[in-house]
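The values are calculated or read from the model by the stated rules, or taken from the named source; none is laboratory data. Predicted model only: the values in this text are computed from it and were never measured. Every residue, glycine among them, receives a Cβ derived from its backbone with ideal geometry; neighbour counts consider all protein chains shown.
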Amino acid sequence: MIERIQLAHLPTPIEHLSNLTRILKGPDLYVKRDDLTGLGLGGNKTRKLEYLTGDALAQDSETLISAGAIQSNHCRQVAAAAAKLGLACILVLTGKKPHHAEGNLLLDRLSGAEVVFVPEQSQRDAKMAQVFEKTKKAGLNPYLIPYGGSNAVGALAYANAMHELKQQGCEPDWIVFATSSGGTQAGLVLGAHQTDFHGKVLGISIDQPAEEFFPVVERLVIEASALTGEYNAPPTNSILINSDYCTAGYGVLQPAEVEAIHLFASREGILLDPVYTGRAAAGLIDLIRKGFFRPSEKVLFWHTGGAPALFAEPYQGALQT
Ligand SMILES: *Cc1c(COP(=O)(O)O)cnc(C)c1O
């Protein structure tokens, strides 16, 4: 059993998006505000970190090590969790060290994380292993948090989030959200199975074609359900991935994402992010316009956070009006 450490403000609120429902003339739209989980400006990784840091502390770890992109929301939340729990934090970020820290990177620094840069993604895992060994030799018992916090332990958090949704009395026909390293989706799929959820859980892929990404989520679902001791894993046909909106590549802002960010901000006062939720919302808007949902249906957009990246180049430049 994983001892969970309380880090997030839960339950996160659910809001009706009455303006967007009217403007888009589509299904009844709601949002689940996991951008408000609180820790170091929050996001979906905070839920996973409740379980991952629980595991780390159970192993007497003193240092959290993780990796991601320079504007990684995940790494920002790892840094904040380490700060709160009195642990050291080392982040391996892919890309060229910027002249000054903006957005998530600025927040990593404020939380006191040590940041190591690697120029290419292909060098990241080797660098992480090197940092891990060095920390271990220094006697600072490191704990490796996987990319995006997506392993079976992290995924348990989103299974739990489906129980939270049920307790809030929310029963949408669809849950739509941004999916990338797969832990959020695997957890939601597992939780949907555990709670006899009647609706569908649809991930909008941020960076991978559905054929490549499906086995990643499938494996996480199987491993996470094994961890709960349930023999009865969810059926694989409950893993729904739409990868029609990721062709521009990771973090490449397109007019559709810019429109989605402007619509949510100007009509609902809700800030999406340029990489994940902007893209997922752009997909949702396109699906609504294509008549994918029935007007009588209820659609919940699960907001996974990320707004600090709005304040970093190149995004802040692209979003000027
Ligand atoms: C990490 C992240 C996601 C994707 O979640 P995964 O569990 O990695 O699939 C979505 N939105 C935001 C804002 C994120 O930071």
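What's the number of the only condition in (1) crowded, with 17+ Cβ neighbours inside 10 Å; (2) within 16 Å of the ligand (Cβ to nearest atom) that GLY249 fails to meet?
The one condition GLY249 does not meet is (1).
What are the residue pairs meeting all of these: first residue in region 1-17, first residue of a type in the set (Asp, Glu), second residue outside any loop (DSSP other than H, G, I, E, B) and surrounded by 13 or more Cβ atoms within 10 Å (Cβ to Cβ), Cβ atoms under 7 Å, and 6 or more apart or on different chains?
Final answer for the pair search is GLU3/GLY54; GLU3/ALA58; GLU15/TYR30; GLU15/VAL31; GLU15/ARG33.
Are any residues in region 64-75 in contact with a Leu (Cβ under 8 Å, 6 or more places away or on another chain) and crowded, with 23+ Cβ neighbours inside 10 Å, and if so, which ones? It would help to see each step written out before you state the result.
Going residue by residue through region 64-75, those that are in contact with a Leu (Cβ under 8 Å, 6 or more places away or on another chain) are 64-72, 75.
Matches in region 64-75: LEU64, ILE65, SER66, ALA67, GLY68, ILE70, GLN71, SER72, CYS75.
Taking region 76-103 only, how many residues are in contact with a Pro (Cβ under 8 Å, 6 or more places away or on another chain), buried (at least 24 other Cβ atoms within 10 Å of the Cβ) and free of Cβ contacts under 8 Å to residues at least 40 places away in the same chain?
Total satisfying the criteria: 0.
Please find, among GLU120, GLU133, GLU171, the residue that is surrounded by fewer than 18 Cβ atoms within 10 Å (Cβ to Cβ), in contact with a Leu (Cβ under 9 Å, 6 or more places away or on another chain) and among the acidic types (Asp, Glu).
Matching residue, one of GLU120, GLU133, GLU171: GLU171.
Restricting to region 265-321, give me the number of residues that are touching a strand residue (DSSP E or B) at 6+ places or on another chain (Cβ under 9 Å), in a helix (DSSP H, G or I) and within 23 Å of ARG47 (Cβ to Cβ).
The number of residues fulfilling the criteria is 8.
On the given criteria, is ALA79 of a type outside the set (Ser, Thr, Tyr), under 26 Å from ASP34 (Cα atoms) and more than 14 Å from the ligand (Cβ to nearest atom)?
no
Would you mention how many residues in region 97-118 are in contact with a strand residue (DSSP E or B) (Cβ under 8 Å, 6 or more places away or on another chain) and part of a loop (DSSP other than H, G, I, E, B)?
4
Looking only at residues in region 252-297 that are more than 13 Å from the ligand (Cβ to nearest atom) and of a type in the set (Lys, Arg), which one is surrounded by the most Cβ atoms within 10 Å (Cβ to Cβ)?
Filtering region 252-297 for residues that are more than 13 Å from the ligand (Cβ to nearest atom) and of a type in the set (Lys, Arg), the one surrounded by the most Cβ atoms within 10 Å (Cβ to Cβ) comes out as ARG267.
If you check ASP207, ASP196, which single one turns out to be among the acidic types (Asp, Glu) and touching a residue at least 40 places away in the same chain (Cβ under 8 Å)?
ASP207
Any residue in region 119-137 that is closer than 24 Å to TYR250 by Cβ, assigned to a helix (DSSP H, G or I), modelled with pLDDT of 95 or more and within 16 Å of the ligand (Cβ to nearest atom)?
no
Which of the residues spanning region 50-81 are more than 23 Å from GLN121 (Cβ to Cβ) and in contact with a Gly (Cβ under 8 Å, 6 or more places away or on another chain)?
Across region 50-81, the qualifying residues are TYR51, ALA80, ALA81.
Looking at region 1-26, which of its residues are under 20 Å from HIS262 (Cα atoms), part of a loop (DSSP other than H, G, I, E, B) and touching a Phe, Trp or Tyr at 6+ places or on another chain (Cβ under 7 Å)?
Of everything in region 1-26, those that are under 20 Å from HIS262 (Cα atoms), part of a loop (DSSP other than H, G, I, E, B) and touching a Phe, Trp or Tyr at 6+ places or on another chain (Cβ under 7 Å) turn out to be LEU17, GLY26.
On the given criteria, is GLY229 at positive phi, modelled with pLDDT under 95, more than 16 Å from the ligand (Cβ to nearest atom) and among the small types (Gly, Ala, Ser)?
Answer is yes for this residue.
With the checklist (1) among the aliphatic types (A, V, I, L, M); (2) under 26 Å from GLY317 (Cα atoms); (3) in contact with a strand residue (DSSP E or B) (Cβ under 9 Å, 6 or more places away or on another chain) in hand, flag the one item VAL78 doesn't pass.
So the condition that VAL78 fails would be (2).
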